[in-house]
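Presented below is the structure to which this report refers.
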Number of protein chains: 2
Amino acid sequence: MSQIPVRIGLLGCGNVGAELLKLLTRDSELIHSQTGERFVVTAVAVRDLNRPRPDYVDRELLTDRPEDVVASSDVDIVVEVMGGISPTRELIEKALLSGKTVVTANKALLAVVGAELTQIANSVGRDIFFEAAVAGGIPLIRSLRVSLAGERVRRIAGIVNGTTNFILSAMSDSDLSYEDALALAMEAGYAEADPSADVEGDDARAKAAILATVAFGRLVRFEDVYREGITKITSMDIDFAKRHGFEIKLLAICEVLDQPGDSSQKIAVRVHPSLVPKDHPLALVRDSFNAVFVTGEAVGELMFYGRGAGGLPTASAVLGDVIDAAHNLRYGVTERQLDREPAHLVSIHEMENRFYIAVDVVDKPGVLAGVASLFGENNVSIRSMEQLDMNEEARLVFITHMAPESAINATLEGIRSLDSVRRVAGFIRVFDPS
Amino acid sequence: MSQIPVRIGLLGCGNVGAELLKLLTRDSELIHSQTGERFVVTAVAVRDLNRPRPDYVDRELLTDRPEDVVASSDVDIVVEVMGGISPTRELIEKALLSGKTVVTANKALLAVVGAELTQIANSVGRDIFFEAAVAGGIPLIRSLRVSLAGERVRRIAGIVNGTTNFILSAMSDSDLSYEDALALAMEAGYAEADPSADVEGDDARAKAAILATVAFGRLVRFEDVYREGITKITSMDIDFAKRHGFEIKLLAICEVLDQPGDSSQKIAVRVHPSLVPKDHPLALVRDSFNAVFVTGEAVGELMFYGRGAGGLPTASAVLGDVIDAAHNLRYGVTERQLDREPAHLVSIHEMENRFYIAVDVVDKPGVLAGVASLFGENNVSIRSMEQLDMNEEARLVFITHMAPESAINATLEGIRSLDSVRRVAGFIRVFDPS
């Protein structure tokens, strides 16, 4: 095989970028023997030239002009690990337009303008790879794009945010409050100083949009994804869930809602906390691990499990893309990058779910009947109910059968308007594993 | 994209072949919209032309001359799902030599002559794909070959045989004997009339050889793989394991034994029952599911889980390969098919493990001391010990610390020679998850 090295220009040299440089240097012989490829990094764009760097970062390659890297005639593959939307978008566009292949780990960017970037890549006959954008080191995107390209995927349900899984696992396994678990996640380096993108669900939302687009072949964008975060989950919710055989997980769920044979491809994509039966593989995912469950008509149930974040696992995914990109460049071919028509999306308000609902009430005769009758009036059937004493109050906890979201909203509105009701203290959807 | 359909010649039309025909027919529009490819099946080689077939099998395509299919100028991709070693090997060789791409699900063949077939494919510039040969529908081979091509894989440990996992799960979950669990597996269609290839471990052995070759880039063949089956596992072994926090699983383990930095790549590949800590993801795999745990230096821990067998999941994996093959054919490129040098293999006799050992003895004073002293004499340190009463006998159950296999063999030999010992009733290695 040819020994002409493939030239890499790196945008960003934080955690992921530095680990990638280390792998490319330390493992260059392994990579060559396994793939026949040699790589050379010709430029590294950073914000601050003077910041201290590990020794495997060659300071001579550093530049604070990323626009030079994407335009350079000394670069074949632009690897973008700087993050952000602007100027990252413009840099990636320029890279593609000047004939570079792009490898990016930027989920937020892809979820917003992935379609535009793909279109540019198609128009110039170049590839854009993004394995590292979803579920870190887990080879999920390539599996969906290539191995399962002919599969009729019905659903993807996954834990795609390590921070929230760490927090929920700590609440469940160590009986911590949400606040204490969040503090622990920060201490352990799993949560950022401003954790809102993780705990409010926007990180998972971007990943859900990308997964749905890849799996269903229809364009789904960030703003198309319904999302609720985990900030309202309490220890009492977790306790109740555990006693009834559930774990609470923040799931990204992408699903086709048509009946088999119906070709209209109605798609729903959402991120919200979910009660997952404790014997389901997703319930067993602990710590900051990610896991994605894929259900296909032919393949049945698949699960992919691994490290969803962290410098090294993410760099490993970027490296896989870089090697694939080099193979395509060498042979002058590209991946299948089909233009995606917008998906026919179903809003969460049109869906049906099972629900866990906790209501704190004044502890007086007749209160339960008042609350329960509201479920009946809205045609919501109750699967199980439990009353817990809490000093002067009582907590009524319901799990419903399948019910339309609209009926549940009407029920909750009615419940909130009752004098005897102090608050709706818990509201979580129940994951249906079938 | 071009509309010229890619022509498929099928060798074999059993369960997998028929399901593939169904997918290619029923999902042709989906496949086209997702991949840009169209497929047409031009010939189907079967043993018996008169056997009844499902209606989606076009009888006009049937032939009982597979040698015509591999030589046909009307075939681009030969899909081999007929199984067996001969004449399958010769047919695949002829297919490659006459310029066809080959997709095969034949693990037994690949484990024995995969290197020779790869060499022929390389020499003629054609691909041979085999995703379906290991772990059925799970996209494992492509993940290892492409996504993890640059990864320093340290270990693969997996449940790659669904029949034995079904039997062991039934023994553990429903307290069945081995014989009853095997009968149940036969009834459920998970075990064949002659189950020996599954229960003796040879099916897993072939898959281990393929996985090691792909993951480590060195040739490992069927006969290089140490194997023990599950036929000697008893309910008492399972009970003890459960009480001590383990599940017993038949694991295929492929690992690099060098210290990091040592480039000699000493590899050990083995299949044997293992005590797996019950909180490890592999311990939780039930029914006939497969799961493969991959540990890489950069990516950390990954697990792939899904249906390892069955017509539809296997056909799904074959379809993924067919689509990938079509992409390569269209662009005139091939996968990286590197010639593999033979691996530097370490025999199981040179390894260290932890062991579970059960010894049935006459229930008399001094017997425990006699048995225990043999461990000491052979420098095997005991981690835990339990004595169980069984009428006139007693069972001594030991779990050792890490010890060389040679020391354990010497210990067992000594134990067997004691007058007070009736039998060594259990001997299982303990899986080290770290």
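The values are calculated or read from the model by the stated rules, or taken from the named source; none is laboratory data. For clarity, every value in this text was computed on a predicted model and none was experimentally measured. Cβ: placed from backbone, ideal geometry, glycine included. Neighbour counts: every protein chain shown. Areas reflect the complete protein model, heavy atoms only, side chains present, ligands, DNA and RNA absent. Shrake-Rupley method; radii C 1.70, N 1.55, O 1.52, S 1.80 Å.
Here the Debye sum runs over all C-alpha atoms of the stretch A:141-306 as equal scatterers in vacuum, and log10 of I(q)/I(0) at q = 0.11, 0.12, 0.19 Å⁻¹ comes out as -0.44, -0.53, -1.17. FRET efficiency for the pair A:ALA410 and A:SER86, taken as 1/(1 + (r/R0)^6) with r the Cβ-Cβ distance and R0 = 41 Å, rounds to 0.45.
Cross-link partners for A:LYS107 among the lysines, with Cα-Cα distance under 18 Å and sequence neighbours closer than 8 places in the same chain left out: A:LYS207. Here chain A was treated as a single set of alpha-carbon atoms; its pair distances binned every 20 Å from 0 give 25, 50, 21, 4, 0 percent. List the residues of the stretch A:134-152 that lose 10 Å² or more of accessible area once all protein chains are present, compared with their chain alone (1.4 Å probe, heavy atoms only, no ligands or nucleic acids). By number: A:GLY137, A:PRO139, A:ARG142, A:SER143, A:VAL146, A:SER147, A:LEU148, A:ALA149, A:GLY150, A:GLU151, A:ARG152. The 3J(HN,Hα) values that the Karplus relation (6.51, -1.76, 1.60; θ = phi - 60°) gives for the stretch A:28-36 are, in residue order, 4, 5, 4, 4, 5, 6, 7, 10, x Hz. Gly and Pro appear as x. Here the relative contact order of the stretch B:164-307, from alpha carbon pairs under 8 Å that lie six or more residues apart, stands at 24 percent.
Computed from the C-beta positions of A:GLU29 and B:HIS349 and an R0 of 41 Å, the FRET efficiency is 0.85 to the nearest 0.05.
Run the accessible area of the protein assembly as shown with a 1.4 Å probe and give the carbon-and-sulfur part as a rounded percent. Ligands and nucleic acids excluded, carbon and sulfur give 48 percent. Taking amide H as placed 1.01 Å from N in the peptide plane, the amide H of A:ARG423 sits under 5 Å from that of A:ASP360, each at least 5 places away or on another chain. The phi torsions of the stretch A:49-60, fed into the Karplus equation with coefficients 6.51, -1.76 and 1.60 and a -60° offset, translate into couplings of 5, 9, 5, x, 10, x, 5, 6, 8, 6, 5, 5 Hz, rounded to whole numbers, with Gly and Pro shown as x.
Considering only protein heavy atoms, what per residue accessible area in square angstrom results for the stretch B:351-429 with a 1.4 angstrom probe?
47 Å²
Couplings for the stretch B:279-288, taken from phi via the Karplus curve 6.51 cos²θ - 1.76 cosθ + 1.60 with θ = phi - 60°, read 9, 7, x, 5, 5, 8, 7, 10, 6, 9 Hz in order; Gly and Pro are left as x. Within the listed set B:SER143, B:SER417, B:SER172, the Gaussian network model of chain B (springs between alpha-carbon atoms below 10 Å) gives the highest mean-square fluctuation for B:SER417. Only Cα pairs within less than 10 Å get springs; with that Gaussian network setup on chain A, which residue of A:PRO273, A:PRO281, A:PRO54 has the largest fluctuation? In the Gaussian network model the winner is A:PRO54. The mean number of partner chain beta-carbon atoms within 10 angstrom of a residue's beta-carbon across peptide A:32-44 is 2.
Candidates B:LEU24, B:ALA115, B:LEU49 compared by Cα position along the dipole of the stretch B:22-145: farthest toward the positive end lies B:ALA115, with charges placed on Cβ.
Between A:ARG336 and B:ALA183, the distance separating the two model label sites (each 7 Å from Cα on the Cα→Cβ line) works out to 4.8 nm.
Over the stretch B:351-429, the ratio between the Cα radius of gyration and 2.2 N^0.38 Å evaluates to 1.00. For the options B:SER169, B:SER123, B:SER177, a Gaussian network treatment of chain B with springs between C-alpha atoms closer than 10 Å singles out B:SER123 as fluctuating the most.
Temperature 20 °C, viscosity 1.002 mPa s: under these conditions the Stokes-Einstein estimate for the protein assembly as shown, based on its Kirkwood radius over C-alpha pairs, is 74 µm² per second. Here A:GLY366 yields copy-to-copy label distances, from shortest upward, of 8.5 nm, the label point defined as 7 Å from Cα along Cα to C-beta. Under the simplified labelling scheme, the A:LEU418-A:ALA193 pair shows an inter-label distance of 4.6 nm, with each label point 7 Å from Cα along Cα→Cβ. In this structure the amide hydrogen of B:ARG154, modeled in the peptide plane, comes within under 5 Å of the amide hydrogens of B:THR295, B:GLY296, B:GLU297, none closer than 5 places in sequence on its chain. With a cut-off of 18 Å on the backbone N, the residues of the stretch B:31-70 near the modelled label site 7 Å out from B:LEU97 along Cα-Cβ are B:66-70.
Restricting attention to chain B, close to 70% of DSSP beta bridges with both partner residues there are antiparallel.
Working from Cα pairs under 8 Å separated by at least six residues, relative contact order for chain B is 16 percent. For B:ASP389 and A:ILE382, what is the calculated FRET efficiency with R₀ set at 51 Å and r taken between the beta-carbons, to the nearest 0.05? The calculated FRET efficiency here is 0.50. The aspartates and glutamates whose alpha-carbon is closer than 12 Å to the alpha-carbon of A:LYS232, local same-chain residues fewer than 8 away aside, are A:GLU179, A:GLU200. For the stretch A:20-60, taking the reciprocal of the average inverse distance between every pair of different Cα atoms yields a Kirkwood hydrodynamic radius of 11.6 Å.
Average accessible surface for the stretch A:141-306: 32 Å² per residue, computed with a 1.4 Å probe over protein heavy atoms with every protein chain in place. Between the Cα long axis of helix B:178-187 and the first principal axis of chain B there is an angle of about 20°, rounded to the nearest 10. Listed by chain and number, the lysines whose C-alpha is less than 23 Å from the C-alpha of B:LYS100, apart from same-chain residues fewer than 8 away, are B:LYS22. Across the stretch A:348-431, the relative contact order, built from alpha-carbon pairs under 8 Å that are at least six residues apart, equals 48 percent.
Computed with a 1.4 angstrom probe on protein heavy atoms, the B-A interface buries about 4500 square angstrom of accessible area in total.
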